[in-house]
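Contents: one structure, followed by commentary.
We did not get these values from a lab; they are worked out from the coordinates using the rules stated. These figures come from a predicted structure and were not determined experimentally. Using ideal geometry, Cβ is built from the backbone for each residue, glycine included, and neighbour counts are taken over all protein chains shown.
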Amino acid sequence: MTAEERDFIFDNALNLADVLYRQCDLLLEMIDEMDRRDEIVLKIGALESEGDSIFHEFGYKFSGIEIAPSEKRANIYRMLSHLEETIDMLNELAKCLARYNITEATEGYKASVNCIVGAVRSFSHLINVLRVYDSNNKGAFIKAVNNFDSYGVNFEKMYDLLINELFTSDLDTVDIIRWKSVYDTVRLVFKAFETSADDCYKFMVFKTPSW
């Protein structure tokens with residue numbers, strides 16, 4: 001594999017991360033402008049379509065790149081496919097707010113979105129560290145992947161508190177159902193992040209001299 005082909009892979013990974021950034025910007029915007037919720041959901045959906053296009057174009061060109069062993073090739077493909085899956089999950093989160101007719105963001109939801117934003121920033125940094133990885137910067141990679149993983153760990157703790165709060169509050173049943181569905185979707189976002197972090201770790205572990 002050539003240096004140009006390697007750049008192609010990481011350029012596409014960062015292009016997908018950029019879509020995640022822009023989705024996050026819109027999720028933050030929606031928190032303060034719930035009256036524009038439906039409009040913003042459409043914009044986030046358009047970004048999901050953009051992510052699909054980036055990934056499909058990547059997959060088509062990637063099929064022509066020779067990489068051995070086959071496990072390494074599959075791992076690279078999964079890295080980008082799980083990134084694209086995270087874009088899908090952020091779109092699903094936005095649609096949840098419209099689906100359940102949520103007109104005001106709770107403090108828990110605001111904290112959840114900010115946790116997602118931090119994870120996206122951390123993941124972009126991880127991709128950049130991985131792009132230039134060699135044996136001399138192993139420590140930087142481990143630090144980057146641990147930092148990224150910490151967002152998922154922190155949200156899992158937050159999730160338990162948010163669900164407990166729902167079922168010990170005086171909210172009506174409909175609101176409990178609404179917000180549990182939203183928080184469950186945020187949890188799925190972090191599950192997708194966790195899978196992506198796993199992909200990055202495997203990429204480093206199975207790194208070959210040509211990389």
Gyration tensor verdict on segment 3-205 (Cα atoms; rounded if a/c is under 1.5, prolate if a/b is larger than b/c, oblate otherwise): prolate
Helix-only mean residue ellipticity at 222 nm for the chain, each DSSP H run of n ≥ 4 adding -39500 (n - 2.57), per residue, nearest 500: -29500 deg cm²/dmol
Nearby aspartates and glutamates by direct alpha-carbon distance to LYS43 (threshold 20 angstrom, same-chain neighbours under 8 apart not counted): ASP18, ASP25, GLU29, ASP32, GLU33, ASP35, ASP52, GLU84, GLU85, ASP88, GLU92, GLU104
Point-to-point label distance, GLU66-ARG36, nm (Cα→Cβ direction, 7 Å offset): 5.2
Net length gained if the chain between ASN154 and GLU5 were fully extended (0.36 nm per residue, minus Cα distance): 50.0 nm
Given charges at beta-carbon only (K, R positive; D, E negative), |dipole| of segment 3-205 in Debye: 600
Of LYS157/LYS180; LYS143/LYS202; LYS110/LYS143, pairs whose Cα-Cα distance is over 24 Å: LYS110/LYS143
